[in-house]
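Structure, as structure tokens:
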Amino acid sequence: MSSYSGVARNSIKRKTSRVGESTGRNTKAGAACKSIPWEPYLINSLKNPKEAEGYLNAALEDDDPRVFLLALRDVAEAHGGMSKIAKTCKLNRESLYRMLSKKGNPSLESLSKLLSGMGFRLAIEGKDAA
């Protein structure tokens, strides 16, 4: 590498870093919309049984079964939290947390108890019905 190319790079670098340009509106002026946290909104909307039903059915349509388990966890939180649901369903709270984790693998019996405790049931329908 010649000494000339090193000098040229340094002078370009210095020149571009010292030049201040306007990049548009200042976002500190309050022009940006404030966002709300999505989780409290989701939990609040899942208190409605029809919303929760649609949410669970949409999660079932995903190819990944973990999506359904995490959706069940959200609905359980909306129904008063894991402790309340565990008492209602007569399931161990720690087992319920484990069952509804990403690595959860609930039995059909415990899944049925959980859904029943939240006011839902399992149903089978043909592919043509969807």
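What follows draws every value from the coordinates through simple rules; no lab data is involved. Model, not experiment: these values are computed from the prediction. Please note: Cβ atoms are built from the backbone with ideal geometry, for glycine as well, and neighbour counts cover all protein chains shown.
A DSSP coil position with no more than 15 other Cβ atoms inside 10 Å describes none of the chymotrypsin sites (Phe, Trp or Tyr not before Pro) in region 66-130.
How high is the relative contact order of region 38-129, in percent, with contacts defined as C-alpha pairs under 8 Å that are six or more residues apart?
23
Once the gyration tensor of the Cα atoms in region 64-130 is diagonalised, the equivalent ellipsoid follows with semi-axes of 21, 14, 11 Å, ordered largest first.
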